[in-house]
Amino acid sequence: MSDGSIAAAHDVLIVGGGGAGLRAAIAIAEVDPRLDVAVVSKVYPMRSHTVSAEGGAAGVIAEGDTLDEHAYDTVSGSDWLGDQDAIEAFVKEAPRELLQLEHWGCPWSRQEDGHIAVRAFGGMKKMRTWFAADKTGFHMLHALFQTSLKYADITRYDEGFVTRLLVDGGRVHGVVAIELATGKVHTIAAKAVVLATGGCGKVFPFTTNANINTGDGMALAYHAGAPLKDMEFVQYHPTGLPFTGILITEATRAEGGWLLNKDGYRYLQDYDLGTPTPTPQLRSMELGPRDRLSQAFVHEVEKGRTLDSPYGPVVHLDLRHLGAKVIDTRLPFVRELCLKYERIDPVTQLIPVRPVVHYMMGGVHTDIDGATPIEGLFAAGETACVSINGANRLGSNSLPECLVFGARAGRAAAEHASRAGGPPSAITKQAADEGRRIERDLLGKESATEQVAVLREQMQSAMEESAGIYRNGPSISTGGDALAELQQRMAGIGVADTSRSFNTELAAALELANMLDIAEPMLASALRREESRGAHQRTDFPDRDDERFLTHQLVHRGSDGAPRVERMPVTITRWPPGERVYGRQVT
Amino acid sequence: MTETNEDRIGLRVSRYRPETDTRPGWQEYDVPLRTEWTVLDGLNHVKDEVDPTLSFRWSCRMGICGSCGMNVNGEPRLTCGAFLSDYAPGPVRIEPLSNFPVVRDLVVDIDDFMQKLPRVKPWIIRDDDVTVVDGEYLQTPDELDAYKQFSMCINCMLCYSACPVYGLDPTFIGPAAIALAERYDLDSRDRGARERLDVLIEHEGVWGCTFVGECTRVCPKHVDPAGAIQRYKLKAAQENVKAFLLPRGARR
């Protein structure tokens, strides 16, 4: 059994090898090559979920566009819950980061003259979304990963699953990680740790997210005493394929696709999103923000104007009028996915779609440099909540967020590591305790009463029923009771697989524990927010209430494990709260 | 839900646990046969409902992360894109990818590829001091098209599994790595072709390939590694002629 002794030590350890994690690693290697950097990821870096991002990455570059407009779109898109100082830094640094990716080989789509091409995107008033056809995340991730190989001194622990942060005296000193191939439990010391583990869509049953998106970084931070922020804001993407939940990118609508109900009617016109025009209008109709489009779908269901499918109600996404050439050059992956998973061809057929859990606006509370309240602990990307996304993220803001705040967190972690001391001896005892949790309580349990897959499914349905696109006090409370019961039953979980070698049942049990840990704060925050804002829509409190709730909510884990919700002011600099207006002029 | 009346299909799955098994063995499972189910859905059904001890990798289930490659009826496939109904009435034979050491069940050790990839320098190499402050490198759509296909590699390892040369000679650098070298060589922003050629011109670089073309046939993303290898052989041959005829300094 692991005795907790330190197996390796680094200056900075990055947990997660997706867009934010790799950007952080490269930033550190560039800013101070003497620092010892390591990346530990539960999958090989190029498998990270950044790979699935399709539509693009926003950054002001086109003539006639301004940083202020990108900032305003993001602020209004966030329903005024985003911090405006963070948003201003973000829009300023995004173009430079995207250019950096260009210099690192990302195959951005181009104009005829060789300059970067940009496309429209939901909630954006100008064309500013850079794209690599409709595989933007794939190309960005591989460009980052391949560029990271240039820095041979970056240590990688591929398929290493971090299960605990080692924190003593308010400072982080390293992690405990399982080497999946062998099942060995290692203590890795680090002067600074950057969490970049992505989102937590798997808390819900129907999601675009990959199997790996189990909120590990959020759970690690929360368990270690760092607060989570704005966890009630879960983004439903309006266009996922039924059954699989595979994402059909918003770029389909940016290129001119229409959303039709069962009568072939562009129903968004009934929801204060503008009037239909043959070609797409920015910030209007199908190019409205995701929260409003997903909510409109629910109302169409209520009106009986959706179509039935074996996997629930759907509407149609119509790309037929775009023609094969546009679809093949700008949306080839969409065609490939539809042909494969729906056996339909979008060139001639309608695509059935429905809203699907896509993105977590909330996350580990950080400042503008990715720093959490735990000294030496940083977070970036979807794991973190800076917050630039507030109550609703705009499509194509999350990829540049990974770059801008990955780089910022990397630089801040490097700075911290260069002046921090070595780990205290207390961490080996903590690490040994964690080893026992894994090796005795999970792997060695002789009388397991519960199974991972059963509890996971019950958690997912509890979350969908209690905290979907529309929620209310009683539904959230019912969900909270269900989660509390599941937490109790979690103690009965055992791992039937006794092998130490690539034990995916053990990994799934640890992931389930993480998801249950962060599901509770999601509901606790949702219950406390007695208003409707962005992606958080309460049927019992249908209006936005700036007087009471123009505020972040931080959730701390109490000593008894129960969530404790606190408020924190939103930073408003230049854009006082106003009405969110789409498809018409601001009055 | 009762499943007595629905169609079912057998999965014949290769199992291997290093602590207890001296060699892989077979285990049979029976899963629902549903039109929209892939081989991966079948495996996940086994994992969640029948036998939690079965180990395999998967993540995105949409053919882009490259995790879930396995041999399905002897052919390397992404299991998230291989539909059970295409193998009816079954049974479907599911084995780990070939030519890699098996870690456990359907999980193979791809460390060899991860070591080889950096050797071909798959990043932009420049001989100037241009930075982002100078703006973007211009690249026309035609210039982008020149390398685009080779940039589609998802590192799924199906080509290594299919490659008879890699099977016989593990020092062969292999199809995906060579395709990625070619991806950067053909990129108008790159100046590193010479450095990569120096790596690939070695005997274990491209010369091992006997143009079987299996790599291109099995590639789920139509990358055409065989084409990349062919181009390198040509470049290397030309280089050898030059090396023979010219003093080193004049070779560029």
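Each reported figure results from applying straightforward, stated rules to the coordinates on display, with no laboratory input. Worth saying up front: this structure is predicted, and the values here are computed from it rather than measured. Glycine also receives a Cβ, built like all others from the backbone with ideal geometry; neighbour counts cover every protein chain displayed.
Per-structure values
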read-out	value
Model label zone, B:Asp169; criterion: amide N under 18 Å from point 7 Å along Cα-to-beta-carbon; scope region B:189-213	B:197-213
Per-residue ³J(HN,Hα) for region A:241-247, Karplus 6.51 cos²θ - 1.76 cosθ + 1.60, θ = phi - 60°, Hz, x for Gly and Pro	6, x, 6, 7, x, 4, 6
Rounded, prolate or oblate (a/c below 1.5 giving rounded, otherwise prolate when a/b exceeds b/c) for the protein assembly as shown by Cα gyration tensor	rounded
Estimated [θ] at 222 nm from DSSP helical runs (n ≥ 4, -39500 (n - 2.57)) normalised by residues in chain A, nearest 500	-10500 deg cm²/dmol
Ordering of A:509-517, B:45-53 by burial proxy (mean other Cβ atoms within 10 Å per residue, highest first)	A:509-517, B:45-53
Degrees, to the nearest 10: A:136-148 long Cα axis against longest axis of chain A	40 degrees
Cα-based shape type of region A:442-572, given that a ≥ b ≥ c are square roots of the gyration tensor eigenvalues and the cut on a/c is 1.5	prolate
Modelled FRET efficiency - R0 25 Å, A:Glu375 with A:Lys184, Cβ distances, 0.05 increments	0.30
Two-site label geometry, A:Arg320 and B:Asp198: point separation in nm, points 7 Å out along Cα→Cβ	5.9 nm
Bridge type composition, the protein assembly as shown - antiparallel percent by DSSP, nearest 5	70 percent
FRET efficiency, 1/(1 + (r/R0)^6) with R0 51 Å, evaluated for A:Ser447 and B:Asp142 via beta carbons	0.15
Hydrodynamic radius (Kirkwood) for region A:187-297, which is based on Cα pairs only, to one decimal in Å	16.7 Å
Whether region A:393-477 is rounded, prolate or oblate, judged on the alpha carbon gyration tensor where a/c under 1.5 counts as rounded	oblate
Note, ³J(HN,Hα) from phi for region B:225-234, Karplus 6.51, -1.76, 1.60, rounded to Hz, x at Gly and Pro	x, 4, x, 5, 5, 4, 4, 5, 4, 5
Listed pairs A:Lys150/A:Lys184; A:Lys325/B:Lys235; A:Lys229/A:Lys303; A:Lys340/B:Lys121; A:Lys42/B:Lys116; A:Lys191/A:Lys229 exceeding 32 Å between Cα atoms	A:Lys325/B:Lys235; A:Lys229/A:Lys303; A:Lys340/B:Lys121
Cα-derived Rg to Rh of region A:1-107, Kirkwood definition	1.07
Per-residue ³J(HN,Hα) for region A:334-341, Karplus 6.51 cos²θ - 1.76 cosθ + 1.60, θ = phi - 60°, Hz, x for Gly and Pro	4, 5, 4, 5, 5, 4, 6, 9
Long-range HN-HN contacts of B:Arg93 with modeled amide H, under 5 Å	B:Arg12, B:Asn73
Furthest towards positive pole of dipole, A:Gly410, A:Ser2, A:Phe204, structure part chain A, Cβ charges	A:Gly410
Net charge contributed by nearby residues that have their C-beta within less than 9 Å of A:Ala210 (K/R +1, D/E -1)	+3
Spin-label model distance (nm) - B:Arg15 vs A:Ala562, 7 Å beyond Cα toward Cβ	4.5 nm
Distance (nanometres) between label positions extended 7 Å along Cα→Cβ at A:His115 and A:Glu485	6.1 nm
Per-residue average of Cβ from other chains inside 10 Å of A:189-201	0
Pairwise centroid distance, computed over Cα atoms, of region A:46-109 with region A:432-450, Å	44 Å
Theoretical FRET efficiency, 1/(1+(r/R0)^6), r = Cβ-Cβ of A:Tyr311 and A:Asp153, R0 41 Å, to 0.05	0.25
Region A:511-528 versus region A:169-214: alpha-carbon centroid distance in Å	17 Å
